[in-house]
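Written out below as structure tokens is the structure these notes cover.
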Amino acid sequence: MKKEKVIAKQSILVEMIICFLNQTRNLPKKQGKFVKIAMFLNLFSKLGRGCNTVDFQGGVSFLRSVLGSMEAVYLNRNPTAKAILELVHSTDNDHICYDHIAFRTFGVNGHGIDALAKFFLDFGYSQRDELCFPAKKLKAFWFSPPSLPIPEGGSGINGPLPRVFISELLVDQMSSQAQDIIRKYTNISDRACNHAALASALGSLTWEKPLHSEFQRLARESEYAAWTLVNGYALNHVTISVHRLTSQLKNIESFNRFIEENSFKLNSEGGVLKVSPDGLLLQSSTVADSFSFEFSDGVTDSVPCSYIEFAERTVLPQYKDMPEKEIKEYHRREGFEVGNADKIFESTSMDQLTRRTG
């Protein structure tokens, strides 16, 4: 039976490659590269829907490759994240696992959560709880990864697959001026939102660069909106799973001290350590990096980029007496907490960035 499944999957893959080659043979050279990648991503996602992701290792390898490209863009733009990962690697012998990765989106014209979620759902992720942030005019869903064997010695994207947290701005609740700006660019993007994962992996906006005045106008009403306008579907942050470290850093309070002792600024909104009401989910994050962005009117300004987060999921009360060596991830606190996430969002706020440079 297993042999028949493998043969069937191989046949599907061969047919889809032939289809891809036939469809892209006559594309003009100027548009060929982007379009071919987009079409291949689309075809491969169809393969993901048709096959069991856990069994189809080619699909898993492809998923990790896409995540790796997203991570590469993130690390290239965010020197703080790169430096901290290298520092922890050197201390903890390369055993870093990501608790989750996160994205921001505009909830309008198909550019919201679903634009990115469909890629992860195609590769075995499951949609979980909704979180609402009325004051920020945001909502989010998180997605749990498929159950897969963990690569021996795998670290980061090549370790256990991370949870995925995707939020969206509730554009209809914004002022008419803000809505006009956002809709202007999402309308320009049009169907490019169907390839949000590709845009993230390439580090590309799916719309044209905005005017500096438009960025400033959005920032006055929603710093989340302004961030998304210039960063698009880029990774907003990755999160180190502190409790999975093997050194003395596996306690988040020790980890935070270590980060601050090495001259990195942590997000102080609501206190450096964000703790869920049940006391079982503990989180902290750095203040975002900034990068120089050239707007469409020729103005160049420093804008917020991304940050890195840290999370410790403590053992659930019913498992507190289990030997430490027997404790698995499913014995620990799962999910996310609105109160924690609300404060973590502030890592890209001007208040925190000003504090960083102060």
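The values are calculated or read from the model by the stated rules, or taken from the named source; none is laboratory data. Nothing here was measured: the structure is a model prediction, and the numbers come from that model. We place every Cβ from the backbone using ideal geometry, glycine too, and count neighbours over all the protein chains shown. SASA here: full protein model, heavy atoms, side chains in, ligands and nucleic acids out. Shrake-Rupley method; radii C 1.70, N 1.55, O 1.52, S 1.80 Å.
Please list, by residue number, everything in segment 326-358 whose backbone N is under 16 Å from a paramagnetic label point 7 Å out along Cα→Cβ of Ser263. Under cut-off, by backbone N: 356-358. Just to confirm my numbers, what's the Cα centroid distance between segment 100-172 and segment 231-263 in Å? Measuring centre to centre over Cα atoms gives 20 Å. Applying 1/(1 + (r/R0)^6) with R0 = 22 Å to the Cβ-Cβ distance of Lys328 and Lys82 gives a FRET efficiency near 0.15. Once the cut-off is 18 Å, how many percent of the Cα-Cα pairs in segment 300-358 end up in the long-distance tail? Cα-Cα pairs of segment 300-358 separated by over 18 Å account for 55 percent.
Taking amide H as placed 1.01 Å from N in the peptide plane, the amide H of Phe291 sits under 5 Å from that of Val303, Cys305, each at least 5 places away or on another chain.
Spin-label pair Ser61-Arg183: with each label point 7 Å from Cα along the Cα-Cβ axis, the two points sit 4.7 nm from one another.
For a 21 Å ceiling on Cα separation, which of these pairs sit above it: Lys137/Lys265; Lys209/Lys265; Lys82/Lys250; Lys82/Lys118; Lys137/Lys209; Lys265/Lys320?
Beyond 21 Å between Cα atoms: Lys137/Lys265; Lys209/Lys265; Lys82/Lys118; Lys137/Lys209; Lys265/Lys320.
The coefficient of translational diffusion for segment 127-246, derived via Stokes-Einstein from the alpha carbon Kirkwood radius under 20 °C and 1.002 mPa s, stands at 130 µm²/s.
Taking N as the residue count of segment 157-314, its C-alpha radius of gyration divided by 2.2 N^0.38 Å amounts to 1.20. For segment 144-211, with equal point scatterers placed on the C-alpha atoms only and solvent neglected, what are the log10 I(q)/I(0) values from the Debye formula at q = 0.23, 0.28, 0.29 1/Å, to two decimals? Treating every Cα as an identical point scatterer, log10 I(q)/I(0) equals -1.08, -1.26, -1.28.
Semi-axes of the equivalent ellipsoid for segment 94-176, computed as √(5λ) from the eigenvalues of its C-alpha gyration tensor and ordered from largest down, come to 29, 13, 10 Å. Pull out the extension gain between Asn93 and Asp114, defined as 0.36 nm times the separation in residues minus the alpha carbon to alpha carbon distance; nm, one decimal. Using 0.36 nm per residue and subtracting the Cα-Cα distance, I get 3.9 nm. Taken along the Cα-to-beta-carbon direction at a fixed 7 Å, the label points for Glu253 and Ser155 span 2.8 nm.
Amide H to amide H, which residues 5 or more places from Ile308 or on other chains are under 5 Å from it, using H placed in the peptide plane? Residues meeting the amide H criterion: Thr286. Would you grab the residues whose amide H sits under 5 Å from the one on Asn236? Only those 5+ places off in sequence or on another chain, please, with H modelled 1.01 Å from N. Amide H neighbours of Asn236, under 5 Å, 5+ apart: Ala102, Phe103, Arg104.
Once both labels are positioned 7 Å from their Cα atoms along Cα-to-Cβ, the gap between Asp190 and Gln318 label points is 5.3 nm. From the largest down, segment 155-194 spans 45, 22, 12 angstrom on the principal axes of its Cα atoms. Computed with a 1.4 Å probe over protein heavy atoms only, the accessible area of Thr228 comes to about 0 Å².
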